[in-house]
Amino acid sequence: MRSGKTQPPPELPLVFSIASERQLRLHQHHDFLGVWRFLSHHIRRYPHDLRAHTQRILLAQHESLRSRLAGSLQDLFLALDNAGSLLRERLFHLVKDDLSRSDELFFQQWLEDSATHHSEHQQWREGSVLSTGQEASVIKLLKQERVQEIAQYSNVMEEVFACLEYGQIDTARELLEAEVLAGNTDEAMEQELVNIYQYTRSKDGLNTMVNQMQEAGREVSALWLEKQQESEQW
C-alpha cells in the first residue's frame, strides 16, 4: 500500500553532474576529492580537454587538494607541450601563490624555456596523471605526422568550444563578443562570454561590453550587472 508520501528524486551520481559542468570553478560541489578524481580520470583519457584541465587546476587550489596542485598544473603543461602559451601563463599566475617555491621556479623556468624539451618535465609530481616519471632523456624512434583538415562548425558555440579546447581563448571571446553585439546570442552564449571575462580577470573587457550593449539599446540582463559588480574584487 502506498503511504501517500512523495519520495525525493534520486540523487544523480557525481559523474553526471560534472560531465556537463561548464563552469571553470567547481567549488560549489562539496566532494572536492571526488570531483578532482573524476577530472583526473577524464584527463587521462582525453588529455587535450583544456576545460577539464582548467577546472581541475582551479579546484586543486582548495586547501584539501593543495598537494595535488603542482601535478595538476604539470599535466596541462605536458598536454599542451609548446602550444597554448597564453593559457599556461594565465593558469600559472592564477595559482603560483599556492605553489611551493621550488614548484613555482620549476614552472617559471618551463615557461621561459618552452621551446626546449627537458627530461625533468616528466618528473612525477603528486596529482599528475600524464607524467611518465622518466627523468632520463629519450630518443624518438618514430615521427608521426598528421594533416589537420579545416574544421567545419555547425554553429558558433561549436567553434567557441573548439577554440577553448585548444587554448585559443582570445578567439573564443571575439567570436562571442561579435554575436552579442549583433544580438544573436542566448543566455548560454552570454554566460560563456561572462565566464571568459571572469576566467581571464578582464574587468575592462566586461565593462566595455556592457557599455557597448547599452549604447546599442540592448537590454543588459542581471547576469551582466551581477558579474560587473563582482568584478570589483578581481
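Looking at 177, 145, which is the one that is modelled with pLDDT of 85 or more and either surrounded by fewer than 17 Cβ atoms within 10 Å (Cβ to Cβ) or part of a helix (DSSP H, G or I) (or both)?
177
Residue 106 fulfils the conditions (1) more than 16 Å from the chain's Cα centre (by Cα); (2) under 18 Å from residue 164 (Cβ atoms); (3) aromatic (Phe, Trp, Tyr) except for a single criterion, (2). Where residues in region 148-170 are in a loop (DSSP other than H, G, I, E, B) and at pLDDT 55 or above, which of them is surrounded by the most Cβ atoms within 10 Å (Cβ to Cβ)? Among those that are in a loop (DSSP other than H, G, I, E, B) and at pLDDT 55 or above, it is 167. Of 17, 64, which residue is at pLDDT below 90 and more than 16 Å from residue 128 (Cβ to Cβ)? Criteria check complete, one pass: 17. Only residues that are exposed (fewer than 14 other Cβ atoms within 10 Å of the Cβ) and under 19 Å from the mean Cα position of the chain (by Cα) were counted in region 180-203, giving 1.
Could you list, in sequence order, the residues of region 31-58 that are within 17 Å of residue 80 (Cα to Cα), out of contact with any helix residue (DSSP H, G or I) (no Cβ under 8 Å at 6 or more places or on another chain) and free of Cβ contacts under 8 Å to residues at least 40 places away in the same chain? Once the filter is applied, which keeps residues that are within 17 Å of residue 80 (Cα to Cα), out of contact with any helix residue (DSSP H, G or I) (no Cβ under 8 Å at 6 or more places or on another chain) and free of Cβ contacts under 8 Å to residues at least 40 places away in the same chain, region 31-58 yields only 45.
Take residue 72 and decide whether it is part of a loop (DSSP other than H, G, I, E, B), buried (at least 19 other Cβ atoms within 10 Å of the Cβ), modelled with pLDDT of 85 or more and of a type in the set (S, T, N, Q). I'd like the intermediate steps shown before the answer.
Numbers: part of a loop (DSSP other than H, G, I, E, B): no; buried (at least 19 other Cβ atoms within 10 Å of the Cβ): yes; modelled with pLDDT of 85 or more: yes; of a type in the set (S, T, N, Q): yes.
Against the criterion (part of a loop (DSSP other than H, G, I, E, B), buried (at least 19 other Cβ atoms within 10 Å of the Cβ), modelled with pLDDT of 85 or more and of a type in the set (S, T, N, Q)), residue 72 does not qualify.
Within region 204-224, none of the residues are in contact (Cβ under 8 Å) with a residue 60 or more places away in the chain and open to solvent by less than 60 Å² (accessible area, probe 1.4 Å).
Going by what's in this entry, would residue 126 be described as of a type outside the set (Lys, Arg) and at pLDDT 90 or above? Please lay out each step first, then the result.
On the way: of a type outside the set (Lys, Arg): yes; at pLDDT 90 or above: yes.
Yes: the conditions hold for residue 126.
Condition check for residue 112 on (1) open to solvent by 80 Å² or more (accessible area, probe 1.4 Å); (2) closer than 28 Å to residue 71 by Cβ; (3) modelled with pLDDT under 85: one failure, at (3).
The values are calculated or read from the model by the stated rules, or taken from the named source; none is laboratory data. A quick note: this is a predicted structure, and the numbers were derived from the prediction, not measured. Ideal geometry is used to build each Cβ from the backbone, glycine not excepted, and the neighbour counts take in all protein chains shown. For accessibility, only protein heavy atoms count, side chains too; no ligands or nucleic acids. Shrake-Rupley method; radii C 1.70, N 1.55, O 1.52, S 1.80 Å.
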